[in-house]
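The structure appears right after this line, and notes come after that.
What follows draws every value from the coordinates through simple rules; no lab data is involved. As the structure is a computational prediction, the values presented were derived from the model and not from experiment. Note: ideal-geometry Cβ built from the backbone for every residue, glycine included; neighbour counts use all protein chains shown.
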Amino acid sequence: MNESGAVQTVDATVIGAGQAGLSAAYFLRRAGLLPGADFVVLDHSPGPGGAWQYRWPTLTYGKAHGVHELPGMPLEDGDPDRPSAEVVGGYFARYEEAFGLRVRRPVDVTAVREDAAGRLRVESSAGTWSTRVLLNATGTWDRPFLPYYPGQETFLGRQLHTAGYRGAAEFAGKHVVVVGGGTSAVQLLMELAEVARTTWVTRRPPVFRSVPFNEEWGRSAVARVDERVRQGLPPQSVVSVTGLAATEAVRDAQARGILRREPMFDRITPHGVAWADGRELEADVILWATGFRAALDHLAPLRLREPGGGIRMDGTRVVKDPRVHLLGYGPSASTIGANRAGRAAVREVRRLLDGTRDDAREPVALAAPAG
């Protein structure tokens, strides 16, 4: 086995077994590559479910935003009252087993470097793989973004990021300042308002849209995000382009005053936050719903970044190194985008592999599992 110290040689390596990684693994298998032999899937999480397994327990499947089924297997009969972590984690586990993807976990990939003969060297806690191509699907959950504001270190209350949120009960009777203009901020405000006093602050006024988030709208939003990564700029979040969905629950919260927004404060005081006009607000908790950044530190030895700070992309392929594909990055950060990215990346990977080996295989038809 790889843990013995021997370097294992594969055609393709998938890092990450969330939506994008499992989609890529499915299409690699359908292209005729054998899991565990021709390609390997490495995942650092303790179990199936991708980032969903870390969501707060009170985020039920019925409240979850952006759950999309994986290719080849429907997500059926998800109980809307069960935690989304359980519903999606169970679905991902069934998916891995149904298609025999042989995900290896927990495996922490520490670095990807140049290897001999034009290959890439994937170094990890479970050993080393030499691979022809890399499909990186590490997502963003491991890199919560915390902006800095003057006085932040003086605050005597509690500060936490949404990544550490476990439910509203522990904030009962508190005053919670929620920072951020995304979907998570809206979900948390509606939940916290049941037990706590809340104040919502954002850098820009939030935009709520009642238009249907259909496929045509999605394509338009993805195209705008895609334009940035084609220029080598850091990607914007998809929600910054689409706006926030004005669901029935959101409209009710607006009517109750829960989603009344304040402009971003200028500094943090020991007992709260303050604005440049002299206004101050006392608070017990600052909850940073400020999003995440792409978890790509292990790719640093490949020097993929552009002067603009991002990674220039052509579809899923890194322009500086066509052997590397980024899935769940930029326009493919949504769940439906991750599925499409997996399919598109494997199409290009297969062309690259077929040009460098003699045993090019025909695509395999993968039947949806029974039941």
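The table below lists the values:
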quantity	calculated
Rounded FRET efficiency, nearest 0.05, which uses the C-beta distance separating residue 207 from residue 267 and R0 of 30 Å	0.70
Cα gyration tensor shape for region 110-150, rounded if a/c is under 1.5, else prolate or oblate	prolate
Residue order, fewest to most surrounding Cβ atoms within 10 angstrom, among 200, 275	275, 200
Full-stretch length increase - residue 343, residue 146 - with 0.36 nm per residue and alpha-carbon distance subtracted	67.6 nm
Under 18 Å from the residue 105 label point (7 Å along Cα→beta-carbon), backbone N, region 117-146	124-127, 135-143
Distance between modelled label sites at residue 275 and residue 160, nm, 7 Å Cα→Cβ extension	2.8
Added length on full extension, which subtracts the Cα-Cα distance from 0.36 nm per residue, residue 194 to residue 6	62.1 nm
Sequence-distant residues sharing a close amide H with residue 266 (under 5 Å, placed H)	274, 275, 276
Distance histogram for region 1-42 (every C-alpha pair counted, 10 angstrom bins, percent rounded to whole numbers)	30, 52, 18, 0
Theoretical FRET efficiency, 1/(1+(r/R0)^6), r = Cβ-Cβ of residue 69 and residue 354, R0 30 Å, to 0.05	0.55
Net length gained if the chain between residue 97 and residue 114 were fully extended (0.36 nm per residue, minus Cα distance)	2.9 nm
